[in-house]
Amino acid sequence: MAIDHVNSYYAASANPAPARPVLAGDVEADVCVVGGGIAGCSTALHLAERGYRVVLLEAHRVGWGASGRSGGQAIVGYACSQDKLVAQVGRDAAKRMFDISVEAQALIGSLVARHRIDCDLHWGHLHTAIKPRQADDLKSHQEQLEREYGYLGTRWLDRAELGEVLVTDRYLGGLRDDRSGHLHPLNYTLGIAAAAEAAGVQIYEQAAVVGLDQGPAVRVRTAAGASVRAKHVALCCNAFMDSRISKKLRDRIMPVGTYIIATEPLGQARSEALLRENVAVSDVNFVLDYFRRSDDHRMLFGGRVSYSGRDALNTARATRVRMLKVFPGLADAKIEYAWGGHVDITMSRAPDFGRLAPNVYYLQGFSGHGIALTGIAGKLVAETIAGQAERFDLFTRLKHRNFPGGPALRMPGLVLAMLWFRLKDLL
């Protein structure tokens with residue numbers, strides 16, 4: 001049975017996209033890409049532009065996972081701190097990694113312009129502080145970005161200055177970055193997929209991959225019994241990595257639930273009275289809130305995470321309560337859409353890129369920073385397959401550990417850890 005997109009605001013406002021065919025029989029390609037999110041579509045596009053014959057297999061629909069459901073915020077840097085990267089790979093390599101994250105933002109603008117992708121792209125992002133220690137941390141972060149990484153142009157806004165942009169009493173101040181931004185993630189993903197097809201990529205949907213037969217040519221097997229035989233394979237499954245493909249990779253990531261609500265259209269005047277500029281906002285709590293305006297004047301508000309994979313606490317209602325802490329004036333606004341999805345995190349929150357074999361590459365562990373990093377990661381894989389592995393290999397130097405406890409105990413352990421971090425947010 002075909003699985004369509006979840007009932008989200010993004011799906012309801014998605015640009016038209018074709019239903020791609022189901023893979024039947026056996027086909028051959030230079031490269032087989034597994035996963036039809038931003039990472040997979042970007043990998044396929046950049047390879048096709050280099051002249052490779054590419055087949056992309058998506059288990060559901062293009063953009064079905066986090067790429068089509070997320071908060072849509074494209075933020076420079078990584079989910080882990082730069083200091084954590086420095087500790088593992090040294091300052092020079094960490095600086096190059098940071099520069100790649102800056103390039104990731106430029107790549108978004110380039111892809112949108114070059115392929116005329118209609119995805120409501122806007123530049124401008126605010127990290128906001130609720131407590132004085134968070135404000136101090138953000139100011140220190142700004143100083144580090146300028147002094148050690150040459151990243152200029154961020155600006156600290158005190159409470160009064162922040163109030164000119166964001167009308168709420170919840171925050172003490174915020175760090176503004178106009179080189180980060182936000183977009184409609186599903187339409188962005190669909191646009192990259194269409195560009196990849198125009199470049200010659202064959203995309204198949206409802207093609208769940210269940211195994212790899214490795215060798216000089218890799219056979220990629222699907223649940224329906226079809227297969228792709230390719231010289232190279234790029235695994236871009238993220239939170240949906242199947243242990244039948246690689247238990248090793250599956251054990252290094254944890255799918256984490258996150259939830260978003262969309263109000264009814266508020267009208268231009270009311271939405272702009274809350275967010276006077278069209279910027280995205282996220283606080284710096286461990287269990288964070290993030291929000292932005294949509295182009296049809298809704299408030300899109302997300303946050304909260306679930307490590308249990310369940311929705312027993314009525315997350316839509318809980319997310320609305322969190323929204324009202326920021327914007328109490330929205331108490332009368334109807335919630336028209338509420339949805340969730342999974343992002344894949346690593347123990348360190350650093351991205352996990354590497355090889356399962358000399359001709360089998362993988363991308364995972366974006367840890368909530370996927371809107372920008374998935375696109376550039378796909379470009380890095382394409383460079384590597386074409387023989388330019390230097391930038392990709394920066395990330396293979398990062399060490400990753402399995403989540404503790406195995407399948408039976410990792411969830412309860414993480415639920416306890418989340419309770420601890422929520423307590424820290426309150427202090």
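Short-range pairs are left out: with C-alpha atoms under 8 Å and at least six residues apart, the relative contact order of the range 43-167 is 14 percent. What a 1.4 Å probe finds exposed on the chain is 53% carbon and sulfur by accessible area, rounded to a whole percent. Couplings 3J(HN,Hα) of the range 360-368, computed from phi: 10, 10, 9, 10, 7, x, 6, 6, x Hz, in residue order, whole Hz [Karplus 6.51 cos²θ - 1.76 cosθ + 1.60, θ = phi - 60°; x for Gly and Pro]. Rounded to the nearest 10 degrees, the inclination of helix 91-114 to the longest alpha-carbon principal axis of the chain is 90 degrees. DSSP assigns beta bridges within the chain; of those with both partners inside it, close to 70 percent run antiparallel.
For trypsin sites (Lys or Arg not before Pro), the sites in the range 310-362 that DSSP calls loop and that have at most 12 other Cβ atoms within 10 Å are Arg310, Lys334. The candidates Leu235, Leu274, arranged from most to least accessible area with a 1.4 Å probe in the full protein assembly, appear as Leu274, Leu235.
Cα centroid separation, the range 7-75 to the range 116-169: 32 Å.
The loop-placed trypsin sites (Lys or Arg not before Pro) in the range 94-128, going by DSSP, that have at most 14 neighbouring Cβ atoms within 10 Å of their Cβ come out as Arg116.
Remark: the chain carries 41 Å² of accessible area per residue (probe radius 1.4 Å; ligands, DNA and RNA excluded). The C-alpha atoms of the chain define a longest principal axis, and helix 132-149 lies at about 50 degrees to it.
Restricting the range 357-403 to trypsin sites (Lys or Arg not before Pro) that sit in a DSSP loop and have at most 15 other Cβ atoms within 10 Å of their own Cβ leaves Arg397, Lys399, Arg401. Taking the chain as a Gaussian network of alpha-carbon nodes connected by springs under 10 Å, the highest mean-square fluctuation of the residues Cys41, Cys236, Cys119 belongs to Cys119.
In the chain, a dipole from Cβ-located charges (positive for Lys and Arg, negative for Asp and Glu) runs towards its positive end, and of Leu121, Ala48, Ile253 it is Ile253 whose Cα lies farthest in that direction. Taking the 0 to 90 degree range and rounding to the nearest ten, how far is the long axis of helix 406-426 tilted relative to the main principal axis of the chain, both from C-alpha atoms? The two axes meet at around 20 degrees. Kindly state, to the nearest 0.05, the FRET efficiency for Ala318 paired with Glu161, given R0 = 25 Å and r defined as their beta-carbon distance. Once rounded, the FRET efficiency stands at 0.20.
The values are calculated or read from the model by the stated rules, or taken from the named source; none is laboratory data. On a predicted model such as this, the values are computed, not experimentally measured, just so you know. A quick note on method: Cβ atoms are made from the backbone with ideal geometry, for glycine too, and the neighbour counts reach across all protein chains shown. The area values use the complete protein model at the heavy-atom level, side chains included, leaving out ligands, DNA and RNA. Shrake-Rupley method; radii C 1.70, N 1.55, O 1.52, S 1.80 Å.
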